[in-house]
1. Taking 0.36 nm per residue of separation and subtracting the Cα-Cα distance, what length does fully extending TYR62 through ALA236 add?
2. Students sometimes get this wrong: rank ILE255, ILE263 by accessible area, probe 1.4 Å, all chains present, largest first.
3. What is the antiparallel percent of DSSP beta bridges lying wholly in region 137-230, to the nearest 5?
4. State the percentage of accessible surface on the chain attributable to carbon and sulfur atoms; use a 1.4 Å probe and exclude ligands, DNA and RNA.
5. What list of ³J(HN,Hα) couplings, whole Hz, do you get for region 226-235 from phi and the Karplus terms 6.51, -1.76, 1.60, once you set θ to phi - 60° and write x for glycine and proline?
6. Helix 2-19 sits at what angle to the longest principal axis of the chain, using alpha carbons and giving 0 to 90 degrees rounded to 10?
7. In percent, what relative contact order does the chain have, based on Cα pairs under 8 Å that are 6 or more apart in sequence?
8. Skip the ligands, DNA and RNA, and give the accessible area per residue of the chain with a 1.4 Å probe, whole Å².
Amino acid sequence: MGDELLDAERCAQAAADRSGVTVRALAGLAEVRSAAELLNRVWQAQPSDPVVPPAVLRAYEYSGNYLAGAFRGSRLVAAAVGFLSPGDRLHSDVLGVLPGERGTGVGFAVKQHQRAWALRHGLHEVRWTFDPLLRRNARFNLRSLGAEAVAYLPDFYGPLSDGLNVLEETDRLAVHWRLTSRRATQAARRRLPKPDRAVPSGAELAVDHQGTPASATPDAPAQLVAVPADIDLLRANDRPAAAHWRRVVRTALTIALADGYRIADFTSDGCYLLLPH
């Protein structure tokens, strides 16, 4: 574990240096409140109905769970929360990055800090969930981090009231990030092979880029499930179309997983790549 931890710490520091931020644990009531305010801003939530109440964040911080932030100078630009779960695992509850910081590598830097923190505490896996229709999150989780999506969870949270999820069914993909796996290590070093190389000849579309269910056969060498280019924009302008995407992606992924496929990657043109086990 010594060499693996040292490598993880080096990768975390390199990621922070590339993005120009300092990532560290948050401590004290003032920083806890700042993290709660940042998460509310990212999710467009009201202080009266916060993403995570400041008192809960304070309890996490005090009890030795994961609460960290990325600072650009003295300004908090990202925050992440995780709590310990049975089986020597960390559940990554939430990671928020200010909108103006997207594309700067801050989220990647925070997750690499989380990876090193977990290994330092004897944890070998981090788990979380994400909305399968968010292309940027699918690419980040499966490609940038080298995590694995293992299960489809329909309407996992039920109704939520924040500005991003209101009126939406909260389907989620469950993610397992095996911190010392070859894929996670390659991703931390930014050496993960390009996803399209893994698409075998004869791969069939289960959902095309217009959101139309296609005729993938159960014994195809691979299936491809497209997701919309910008589901946030679609939700803002055409909620029926967004709801349609939710239904067809849910159906395609749940059927493929039940038929023995696994979500292996996310392609450059916005498709989940499913391969047989």
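The values are calculated or read from the model by the stated rules, or taken from the named source; none is laboratory data. Everything numeric here is computed off the predicted structure, so don't read it as measured data. Every residue, glycine as well, gets a Cβ built from its backbone with ideal geometry; the counts of neighbours run over all protein chains shown. When the accessible area is computed, the model is the full protein with side chains, heavy atoms only, and any ligands, DNA or RNA have been set aside. Shrake-Rupley method; radii C 1.70, N 1.55, O 1.52, S 1.80 Å.
1. 58.8 nm
2. Descending accessible area places them as ILE255, ILE263.
3. Once the DSSP bridges in region 137-230 are tallied, antiparallel ones form about 65 percent.
4. 53 percent
5. Listing the rounded values in order: 7, 10, x, 5, 8, 5, 4, 5, 5, 4 Hz.
6. On a 0 to 90 degree scale, this one is about 90.
7. About 15 percent, as a whole number.
8. 46 Å²
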